[in-house]
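Notes for the one structure printed next.
No value in this document is a laboratory result; all are computed from the given coordinates. None of these values were measured; they are calculated from a predicted model. Don't worry about glycine lacking a Cβ; one is built from the backbone with ideal geometry, like all the others, and counts go over all protein chains shown.
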Amino acid sequence: MSFLDFDWEYFLLLFAGGLVKGSIYALIALGYTMVYGIIQLINFAHGEIYMIGAFVALMVSGVLTIYGFSGVSILVLAAIVAMIYAAAYGFTLERIAYRPLRGAPRLSPLISAIGMSLFLQNYVMLSQTPDFLRFPSLIPDFAFMEPIAHIINSVEVVILGTTVITMLGLTYLIKFTKVGKAMRATQQDMTMARLVGINSDRVISMTFVIGSVLAAIGGVLIASRLEQINFMIGFLAGVKAFTAAVLGGIGNIPGAVLGGLVLGLTESMAAGYISSAYEDVFAFGLLVLILTFRPAGLLGKAVKQKV
Amino acid sequence: MIASTIRKAVIAALWLAFLTFPLMVVKVNTLKDLVEWRWINLAWVLYSGFFASLVWQVLYQYRKTKKADDEDDPSLQGLSLGDRLMVSLKDPYVLVLLFALAYFVGLYPLVSFEFWRWSCKIALAVLAAKLAYKLFLVKKVRSCSAVMKESPLSKPILFAVLGIAVIYFPFSVDSYQVNIMVLALIYVVLGLGLNITVGLAGLLDLGYIAFFAVGAYTYGLLNTHFGLDFWICLPLGGLIGTFFGVLLGLPILRLRGDYLAIVTLGFGMIAHQVLTNWTDVFKGNLGIHKIERPGFFGMEMDLAQATTYTYFLVVLLVIGTIFVTNRLKDSRIGRAWMALREDEIACVAMGIDMARTKLSAYAFGAFWAGTVGVIFAARNTSINPNSFTFLESAIVLSIVVLGGMGSIFGVIIAALVMMLMPEYLRDIGEYRWLVFGAVMVLMMIFRPQGLIANQRRTYKYEGAKGEES
Amino acid sequence: MKKMRNVLGLVLGLSLALSTFAAAAGVKLAVVGPHSGDLAPYGIPTKEAVEMYIAEVNKAGGVLGGEVEVLYLDSQCKPEIATNVAAKVASEKVNVVIGGICSGATKAALGIYKEAGVIAISPSATNPPLTQSGDYPNFYRTIAPDDEQGKMAANFVTGKLAAKKIALIHDKGDYGKGFVDFSKPVLEAAGAEIVMYEGITPGAMDYSAVVQKIRRERADAVVFGGYHPEASKLIAQMKKKRVKAPFIGPDGIKGNGFLEIAGKNAEGVYATGPMDVSSVAMNKDAKAAYQKAKNAEPGTFFDQGYAAVIAAIEAVKKAGSTDPKAIEAALKGSKFDTTLGTIGFSASGDATGVGFAVYQVQSGDFVEIK
């Protein structure tokens, strides 16, 4: 096949699809990576926060529709309430399931996290429904996008835009604010940070809150793209996002973004050029391959263990 | 003290009500634009949240102040009955039971009378038993168990009783009960196998069920295609399981704890996908059917006999697993695993071959999963990928965790509870994952050592005679 | 609220529920299917249908001089649970099983039923070999097998829609893949070109790559095998990506569930499904009674489940005993007035008088295309 015969349009379509998927992964992966960076814990229940965010948005938009609100105002309000609730759930989660286990063996908080994940999934299933629910398409189709809608449509533009803005905001927060400095200090050395007067418990809570807000944004965005949700969406998305975080080097914020994009693009290309039946096999195969050669992930630094 | 406890509980209940409001109270139908407000749930959340917080606070306080169980409680000796009562009321378990009783009594307007009466009765009975034990029996029971411990006969007697119960079981109940017991025992073996990897060597494996699938499909394929006998496939399943264990262990040797978790999870998912997608070989979701039951020198058996026969096979396998795991635990390699679990760097510095130790932990775990997978396929006579999902891996993991990591007896009890409870309580089947999830969290916080704590080997120097306890 | 109550009752239930084993004379039925878990929406309607019908029968004095006893057993559509349940069915001396729901789990259980002399009438296990292989003479069903459905969809696509390039997509399940596989030879025989044959992962976050592939292959029609959540996700993304090929699916998407979650996107989607029976008087009555009791529309396979339990009870009445041979003779030798109209059973166990039709979603409802 010569260079010109190559179907560039098809490639572009897959690329755009992968980019959108990857940016959602990245949004969720940030939550994993931030928490891991600070307390070396895989917050297995993070995917569930994303799912709860989407559900809360659904409830809010359902109620608002009935009270006669319309279009964009519903979207904004639903997203804000979803973020508040996700933050509240993230905060409570840390207080109940992780804080009592600080200082316990490494496996304990991880198992507690798996338990929490199962609990939250089933809590939503029992309080709502095991069926899929329709999620209203809150983002309108912009008329000016129509000519290129088959490549990238308005929902996807909103997803990409939101992701970029969120990333910039997060970078600012971590680099230039007081909270961000405290977070970085705690990440480097918790004991030392405590000594210089940083309330590490508060910093950890803050990390959970920020990570959960990001997950809720991801949840609302993906739900309005797929137009349906159920209680299991958090599990697969969580596993993928976690894979992305590990791929990029867990604990590393640019790494999570890179990992998300790499994973999204790999899946999209594998599905487009080979077969979507093996999409997940490629995703995890890539993970194993990269970890074999770079055990700390793409951007992660190999940490020398001190004895 | 009491006032602040109650204030905290009220705040917790209100916070919980806020958290659960959108999901417990609101229910929308976006197609017809209907909203259902389930206010009654709010009452439930407030009420239950208040008591849950009380219980939590009591347990948490207790966890902080006192780590061990209430062994011989010296504070009770030589006190009058009234004083003993006062002391007993401070016991966390008594307090928790009191709260439970109060909770059920208060449920009166919310539940049916029948349910209310029964729940109150049971809570009251348990509370009374606990109090009676505290007030009158503590010393007597303690001395009784001390006699049991010291008597040289108690162990053989215990084993004999257990042995008779195990042998008598399939003849005393119908084949349905035997059948589910077989499944439960299969999970006992799985739990014991994963216990080697997770409990002893401290390598978290979230895709353990893949090795189980390897064993099951080994027998399923070899039997249906080549007519290979169960007895040939049984060791073969174990060996192929081991092979995959080593194969998957190799690329992840360099990874540390958390990376390991996600990679093994990935392996589990890849295995499931391959089984589902590669339909030419594995027949996809339709699965493999008409697998032969295990034979016994060509004897013809009807369904009930075959079930009983399979039961004894699994019992033998369980005994074998217990024996081997027990011996392994005390062996050189077992010590190496435990050392690795405690501190990898120190362990390697002491000259333990990390690669070999880790690989052998995977291999041993996978061996048991593969072996019991063959029995699983033979028992069901049909297999499909639905039996090998992440949820099954999570079940096995929670068996190990609930049983107390590294503890063999605990794993057996946990496996039986996990597998038999949903069979007998089909009505509450929907809630089992909710409860398991919560139990996993609570267990980690309040009883990290599991149902039955693993007795760590300790050495005491007592004069000239060293003694293990 | 009832759910919360159950959660709280869990601890107590542990000790109480162990004591409910009772024996009774008369006819014993068992309803086997997924009553919990993600496939529960396909199992529960049948359970409800049996509950309703048996309540009526028992009110009218029962059968063979005794009340009909029914066991409700949850197989979760897993073979190992299904064999547990089958062992329970055998040991409880059940006469007729209504179920199972999923073909795979049903197959695992049928061997045990056969040995125990239990007859199974399934409302939804559509896998063709269940009846056609002759391995399970004790198996009957009130739904037509998948191959008929697949052929029907194929003929519709090449005939009415005059499609030349077909994309086949399935969810890798036995049901979905079976549907696609049965339509494939018929499509090829009619001269259509299969431009795409692909499995998708249920529950995945996004199917945009598959949709782009459909666009690239310029498919005239998409034949999808699977259930409604994936179908609605696919059509939502097809719509977003402006892929306009007509979409046709099996009876797994022909239901209210699909209309509810696909919403406006559902317009124009085709689906094969059991012939329209809403004009049958008995069907109307059953639906009205359900509406009255639960204030909702009955779910998938309600009609088939209702028909299965009617056939079971009528056959026992006709046989005059619970002897399996007599019941089988009655099943094969007579016609039954059911919610599906008048049906009978062929020698292999497939229902006669039931069949498929093609529907299209028009202004929010499935309309039969003649």
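Observations
- Segment A:213-262-segment C:197-274 distance, computed between alpha-carbon centres (Å): 24 Å
- Under 5 Å from the amide H of C:Ala357 lie the amide H atoms of C:Gly273, C:Met275, each residue being 5 or more positions distant or on a separate chain, with H modelled from the backbone and absent for Pro and chain starts.
- Inter-label distance, nm, simple model (7 Å from Cα along the C-beta direction), C:Ala288/A:Leu168: 6.5 nm
- Antiparallel DSSP beta bridges within the protein assembly as shown, percent to nearest 5: 45 percent
- Distance violations [Cα-Cα > 28 Å] among C:Lys114/C:Lys287; C:Lys114/C:Lys335; A:Lys175/C:Lys233; C:Lys254/C:Lys294: C:Lys114/C:Lys287; A:Lys175/C:Lys233
- Under a 5 Å amide H cut-off, with hydrogens placed 1.01 Å from N, C:Ser122 pairs with C:Gly99, C:Tyr140, C:Arg141, C:Thr142 among residues at least 5 apart or on other chains.
- Given their separation in residues at 0.36 nm each and the Cα-Cα distance between them, A:Phe6 and A:Val196 gain 62.5 nm when the chain is fully extended.
- Highest-fluctuation residue, A:Ile233, A:Ile174, A:Ile250 considered, GNM on chain A with Cα pairs under 10 Å: A:Ile174
- Measure of compaction for chain A (Cα Rg per 2.2 N^0.38 Å): 1.02
- Neighbours of A:Ile39, meaning other residues whose beta-carbon lies under 15 angstrom from its beta-carbon, give a summed charge of +3 when Lys and Arg score +1 and Asp and Glu score -1.
- Order of B:Thr357, B:Thr321 under a 10 Å beta carbon neighbour criterion, fewest first: B:Thr357, B:Thr321
- Cα gyration tensor category, rounded, prolate or oblate, for chain C with a/c compared to 1.5: prolate
- Across segment A:28-37, rounded Karplus estimates of 3J(HN,Hα) from the backbone phi angles (6.51 cos²θ - 1.76 cosθ + 1.60, θ = phi - 60°) give 6, 4, 4, x, 4, 5, 5, 5, 5, x Hz, Gly and Pro being marked x.
- Among A:Tyr273, A:Tyr67, A:Tyr98, the largest mean-square fluctuation in a Gaussian network model of chain A, built with springs joining Cα atoms closer than 10 Å, belongs to A:Tyr67.
- The mean number of Cβ atoms from other chains found within 10 Å of a Cβ in peptide B:115-124 is 3, as a whole number.
- From its DSSP helices (H runs of at least four residues, each -39,500 (n - 2.57)), the protein assembly as shown gives a residue-normalised ellipticity at 222 nm of -20500 deg cm²/dmol.
- Cβ-derived FRET efficiency at R0 30 Å, A:Ile80 paired with B:Ile6, nearest 0.05: 0.35
- With Cα atoms defining each centre, segment C:111-187 and segment B:1-32 are spaced 49 Å apart in the structure.
- Scoring C:232-239, C:288-295 by mean Cβ neighbours within 10 Å over their residues and listing the highest first yields C:232-239, C:288-295.
- What the phi angles of segment A:275-288 give under the Karplus curve with 6.51, -1.76 and 1.60, with θ = phi - 60°, is a coupling list of 6, 6, 5, 9, 3, 5, 4, 5, 4, 6, x, 4, 4, 4 Hz, glycine and proline written as x.
- Other residues with beta-carbon under 15 Å from the beta-carbon of C:Asn265 carry, at +1 per Lys or Arg and -1 per Asp or Glu, a net charge of +3.
- Normalised contact order of segment A:15-234, rounded percent, pairs of Cα under 8 Å and 6 or more residues apart: 42 percent
- Cβ neighbours within 10 Å from other chains - mean over C:83-95: 5
- Under 13 Å, Cβ to Cβ, from B:Tyr362 - net charge with Lys/Arg +1 and Asp/Glu -1: +1
- Global form of segment B:287-338, assessed from the alpha-carbon gyration tensor, a/c cut-off 1.5: prolate
- Cβ-derived FRET efficiency at R0 56 Å, B:Met301 paired with B:Gln61, nearest 0.05: 0.45
- Residue order, fewest to most beta carbons within 10 Å, for A:His46, B:His289: B:His289, A:His46
- Largest mean-square fluctuation among C:Leu64, C:Leu110, C:Leu187, in a Gaussian network model of chain C whose springs join Cα atoms under 10 Å apart, belongs to C:Leu64.
- Chain C: relative contact order as a whole-number percent, Cα under 8 Å and 6+ apart: 17 percent
- For residues of B:104-110, the mean tally of beta carbons on other chains within 10 Å: 1
- Of B:Asn386, C:Val309, C:Ala109, farthest towards positive along the dipole that unit charges on Lys, Arg, Asp, Glu beta carbons give the protein assembly as shown: B:Asn386
- Three-way shape label, the protein assembly as shown, alpha-carbon gyration tensor, a/c 1.5: rounded
- Rounded to the nearest 20 debye, dipole of the protein assembly as shown from Cβ charges on Lys, Arg, Asp, Glu: 3400 debye
- Per-peptide average of other Cβ atoms within 10 Å, ordering B:266-272, A:48-54 highest first: A:48-54, B:266-272
- Footprinting exposure proxy for B:Cys347, C:Cys77, B:Cys233 (fewest neighbouring C-beta atoms within 10 Å first): B:Cys347, C:Cys77, B:Cys233
- In order through segment A:259-264: 3J(HN,Hα) via Karplus (6.51 cos²θ - 1.76 cosθ + 1.60), integer Hz, x for Gly, Pro: x, x, 5, 4, 5, x
- Note: relative contact order over segment A:178-307, using C-alpha pairs below 8 Å and six or more positions apart, is 17 percent.
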